[in-house]
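Supplied in structure tokens, the structure appears directly below.
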């Protein structure tokens, strides 16, 4: 009598499971390393141009000075030099920043932004959902959402923007949370509509996701969407009225002058060349797959609609002078929300097998691209630790004397003040909206004893003919003769030119 053979049980996981697990492990290493890195350099790095402006705006509120002044007339309420700076964005961020003491404002808000980016994007991918298809959705989507969150969360180009003390990360997180809530409830409720409105009031360009979701809800639910639209209109209208009241009606003019730079086709082509493969193409693929999943399930396509409009807006905005990868914080968080809470995406057996096999490649590529940026930022952070003290020593200001710099972040760190925003004002000068003679007169004032040119543009020979539509430094062209006539090059500090008055 033959004894039946008992089949041997294999405890080895399937190859695809191993591949996905390996990809998630690599993504987690990249994610945690990036998080630790940005926290380590957050207190070392000097404020950048935008952070310098926002920190100064907060300092004016903290000291009881008016936030909005007339840049053409100038305000002599903060030192011997007139303040001619347009307020950047809306009053929300300066008001929030002013609640933190000056000495801790930069590092506190950088830390808050880092937590919002790293913790927020991870929470979007892992937060439990109460939808009827939660088990099926978790099995089908959560590994993809988690891999995307770990890889993009640790991608330096986004992590760098995500931890800056600017109104980018928190509004993007609010917008993504509103989208996730909409996907879970399968409708746009008033609370989500209010979150969308608050995000746009904090950072006016954070309306990409909201526009697609509102349009989709209006087409799908028609009159039933009126309550959500009304709530968003009330929140946005109230905020706009408060802005108008606090600025005496000047906030829109300041917003236009400080942030709405012209569009350049060369800038947009540069985006396609440098960023579109990682910041654009994957988002568009997810939007297309999510749209197909909604079509098959006969579900309202809130996710793909919001993601698609956010992608379109980010792509368009990348053509603007001064654009940066911060525009991709909102589409990236929206992509994670769509993967985690949207309709299950079916790729087919072969496509899923290929996707699982190549999953380790994603964090490897992102990590390899991020490593040079980490190295560069670490070197810059070590230099910044003593940089301001060296520049301050080189300037040697006497009683009643003042200093300024070509970079607002350096000027804020050096003097605690920002007199004007050279880069943004350059476009106003070249369009005739701001008189160059006003700035020339300021640089001729005897009280201005020291000028720090961060890029040494003033002493750099002109390599090309002047192009009024370019981003060439104003100190290299329009103000060059004025500075050389009133100042002499005293020394160089870490490659920056320090000028003293003749």
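Among the residues in segment 30-43, are any under 16 Å from the mean Cα position of the chain (by Cα), closer than 23 Å to residue 389 by Cβ, touching a residue at least 60 places away in the same chain (Cβ under 8 Å) and buried (at least 23 other Cβ atoms within 10 Å of the Cβ)?
No, segment 30-43 has no match at all.
Quick one: would you say residue 182 is within 14 Å of the chain's Cα centre (by Cα) and in the same structural domain as residue 329 (by TED's automatic domain parsing)?
In short, no.
Residue by residue, here is whether (1) more than 13 Å from residue 53 (Cα to Cα); (2) touching a strand residue (DSSP E or B) at 6+ places or on another chain (Cβ under 6 Å) holds:
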{"position": "389", "(1), (2)": "yes, no"}
{"position": "394", "(1), (2)": "yes, yes"}
{"position": "412", "(1), (2)": "no, no"}
{"position": "416", "(1), (2)": "no, no"}
{"position": "431", "(1), (2)": "yes, no"}
{"position": "438", "(1), (2)": "yes, no"}
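Right, here's the next one. Output yes when any residue across segment 75-98 is over 21 Å from the mean Cα position of the chain (by Cα), without any contact (Cβ under 8 Å) to a residue 24 or more places away in the chain and within 21 Å of residue 245 (Cα to Cα), and no when none is.
Yes, there is a match, as at least one residue in segment 75-98 is over 21 Å from the mean Cα position of the chain (by Cα), without any contact (Cβ under 8 Å) to a residue 24 or more places away in the chain and within 21 Å of residue 245 (Cα to Cα).
Something else now. Go through segment 115-151 and give me each residue that's at pLDDT 75 or above, surrounded by fewer than 21 Cβ atoms within 10 Å (Cβ to Cβ) and assigned to a helix (DSSP H, G or I).
Correct list: 115, 119, 122, 123, 126, 143.
What about residue 270, is it part of a helix (DSSP H, G or I), within 26 Å of the chain's Cα centre (by Cα) and buried (at least 20 other Cβ atoms within 10 Å of the Cβ)?
So residue 270 does not fit the description; no.
Something else about it: Tell me, please, whether a residue that is in the same structural domain as residue 335 (by TED's automatic domain parsing), within 14 Å of residue 197 (Cβ to Cβ) and surrounded by 18 or more Cβ atoms within 10 Å (Cβ to Cβ) can be found in segment 243-262.
Yes, the conditions are met somewhere in segment 243-262.
Taking the conditions exactly as written (touching a helix residue (DSSP H, G or I) at 6+ places or on another chain (Cβ under 9 Å), crowded, with 24+ Cβ neighbours inside 10 Å and under 20 Å from residue 114 (Cα atoms)), does residue 182 satisfy them or not? So that I can check it myself, show each step before the final result.
Values: touching a helix residue (DSSP H, G or I) at 6+ places or on another chain (Cβ under 9 Å): yes; crowded, with 24+ Cβ neighbours inside 10 Å: yes; under 20 Å from residue 114 (Cα atoms): no.
Criteria not met by residue 182.
Within 27 Å of residue 424 (Cα to Cα), outside any loop (DSSP other than H, G, I, E, B) and either out of contact with any helix residue (DSSP H, G or I) (no Cβ under 6 Å at 6 or more places or on another chain) or in the same structural domain as residue 149 (by TED's automatic domain parsing) (or both) - does that describe any residue in segment 355-376?
yes
Then there is this: Could you tell me whether segment 101-114 includes any residue that is in contact with a helix residue (DSSP H, G or I) (Cβ under 7 Å, 6 or more places away or on another chain), assigned to a helix (DSSP H, G or I) and at pLDDT below 90?
Checked against the condition, which is being in contact with a helix residue (DSSP H, G or I) (Cβ under 7 Å, 6 or more places away or on another chain), assigned to a helix (DSSP H, G or I) and at pLDDT below 90, segment 101-114 yields at least one hit.
The values are calculated or read from the model by the stated rules, or taken from the named source; none is laboratory data. Note that the structure is predicted; figures quoted are calculated from it, not measured. Because the Cβ atoms are built from the backbone with ideal geometry, glycine has one as well, and the counts that use them run over all protein chains shown.
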